[in-house]
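**Q** Here it is, the structure, as structure tokens.
Bear in mind that the values in this text are calculations on the coordinates, not laboratory data. A quick note: this is a predicted structure, and the numbers were derived from the prediction, not measured. When we count neighbours, we look across all protein chains shown, and the Cβ atoms used for this are built from the backbone with ideal geometry, even at glycine.
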Amino acid sequence: MPAESQRDFFEEHGYLIIDDLLSSDELDMCRSEIERLHVLAADLEATGKPEARQFQREPHAEATHQDDGLPLLRKVENTGQFSEPFRTLSTHDRLIPVIQQLIGPDLLLYRSTLMLKPAHHGSAHALHQDSAYWPMEPPTLVTVSIALNEATAENGCIQVIPGSHKWGLQEWGLITRTDDAITSRDDIDVSKRIDVPLRAGSAVCFHSLMVHGSGANQSPHPRNTALYAYFSPVVRYAPKEGQPTQRSFPVIAGLDGQAEFTLTAS
Ligand SMILES: O=C(O)CCC(=O)C(=O)O
């Protein structure tokens with residue numbers, strides 16, 4: 001799709017698919033890095049290091065460990081801190097021009113996360129808007145979720161309600177993550193929800209007001225994704241009471257090539 005049509009599609013529907021973003025070599029590298037991060041999680045836990053908190057265990061699995069003895073994880077936050085390959089992936093040269101088309105040339109990174117759904121275990125993620133939880137205004141961030149394995153309805157691919165980024169910011173409460181969670185709200189027409197299946201290496205970008213979630217993994221295949229949220233420096237940091245008044249974010253593009261940019265609450 002030409003760049004201009006990509007932007008039009010995103011503005012109309014709130015999401016955009018990028019087919020075949022990663023090569024098979026890049027996918028292999030991501031998969032071995034995920035294995036290394038599981039080993040690291042086990043080490044950090046065993047030695048009681050505070051960084052272990054960035055590695056979240058799958059909350060609804062009966063087992064605590066995979067068959068190979070490594071912890072059953074559902075999420076790794078701030079991957080750039082622990083992993084050079086996942087830090088580099090946030091600057092991928094086929095991805096960044098697409099994000100720049102959507103929100104402009106200067107890009108900061110709000111979040112870098114691995115969302116892991118182990119085979120048979122990965123729990124669902126109830127519908128929500130990311131901006132309901134993020135202290136950033138206006139709510140115009142863009143997240144990309146890169147499929148590191150094939151993502152299907154059976155293994156819990158992303159689900160979206162197309163056009164819901166135009167609903168405005170709403171309250172969603174605590175995000176339910178049980179096996180069958182769809183939404184904790186009774187006023188949402190879930191019949192409009194669609195699955196976004198992706199080939200391994202393809203990606204979906206979505207607006208931070210897009211209503212989205214994901215199903216449980218009921219399949220024998222893992223569903224692992226690398227998730228990055230970007231924003232333009234027109235977005236302000238608006239912390240809630242008790243949160244720090246300043247926060248620094250990695251610069252991904254523009255802003256005179258500086259490594260980090262610090263935002264202060266106004
Ligand atoms: O990747 C998923 O399963 C859902 C992720 C998600 O909705 C989020 O982190 O906001």
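**Q** Starting with the fewest neighbours, write out His38, His60 ranked by other beta-carbon atoms found within 10 Å of each beta-carbon.
**A** Neighbour counts put them in this order, fewest first: His60, His38.
**Q** Work out the length of the dipole vector of the chain about its Cα centre, built from +1 on the beta-carbon of each Lys and Arg and -1 on the beta-carbon of each Asp and Glu, and round it to the nearest 20 debye.
**A** The dipole of the chain has a size of about 500 debye.
**Q** Let me ask another. Using a 10 Å cut-off around each Cβ, can you sort Trp134, Trp167 from fewest to most neighbouring Cβ atoms?
**A** Final ranking by Cβ density, sparse to dense: Trp167, Trp134.
**Q** Under 5 Å between amide hydrogens, which residues at least 5 positions from Cys157 or on another chain qualify, with H placed 1.01 Å from N in the peptide plane?
**A** Result for Cys157 returns Thr152, Gly215.
**Q** Would you work out the relative contact order for segment 101-229, in percent, from Cα pairs under 8 angstrom that are 6 or more residues apart?
**A** Answer for segment 101-229 is 50 percent.
**Q** For the chain, set up a GNM with springs between Cα atoms under 10 Å and report which of Ala52, Ala151, Ala253 has the largest fluctuation.
**A** The residue that fluctuates most here is Ala52.
**Q** Expressed as a rounded percentage, what relative contact order does segment 58-136 have, with Cα pairs under 8 Å and six or more residues apart?
**A** 39 percent
**Q** If you take the square roots of the eigenvalues of the alpha-carbon gyration tensor of the chain and sort them as a ≥ b ≥ c, do you get rounded (a/c under 1.5), prolate (a/b over b/c) or oblate?
**A** Note, shape of the chain comes out rounded.
**Q** Just to be sure I understand: with springs between alpha-carbon atoms less than 10 Å apart, which residue in Ala238, Ala229, Ala200 has the highest mean-square fluctuation in the Gaussian network model of the chain?
**A** Comparing Ala238, Ala229, Ala200 in the GNM, the peak value goes to Ala238.
**Q** Next question, about the same structure. Quick query: amide H of Ala253 versus all other amide H atoms, modeled in the peptide plane; which residues come in under 5 Å with a sequence gap of 5 or more or a different chain?
**A** Residues meeting the amide H criterion: Leu107.
**Q** For Lys240, which aspartates and glutamates qualify as cross-link partners when the Cα separation must be under 18 Å and same-chain residues fewer than eight apart are set aside?
**A** Within the straight-line limit of under 18 Å, Lys240 reaches these aspartates and glutamates: Asp130, Glu137, Glu171.
**Q** If you don't mind, there's one more thing I want to ask. Using helices alone, what [θ] at 222 nm do you get for the chain, with -39,500 (n - 2.57) per DSSP H run of 4 or more residues, divided over all residues and rounded to the nearest 500?
**A** -6000 deg cm²/dmol
**Q** Name the most mobile residue of Val234, Val196, Val144, meaning the one with the largest mean-square fluctuation, in a Gaussian network model of the chain with Cα contacts below 10 Å.
**A** Val234
**Q** Report the relative contact order of the chain, percent, no decimals, based on alpha-carbon pairs under 8 angstrom and at least 6 residues apart.
**A** The value is 27 percent.
**Q** Skipping prolines and chain starts, which residues have an amide H placed within reach, meaning under 5 Å, of the one on Arg236, given they are 5 or more residues away or on another chain?
**A** The answer is Glu137.
**Q** Ranking Asp93, Asp8 by Cβ neighbours within 10 Å, fewest first, what do you get?
**A** Asp93, Asp8
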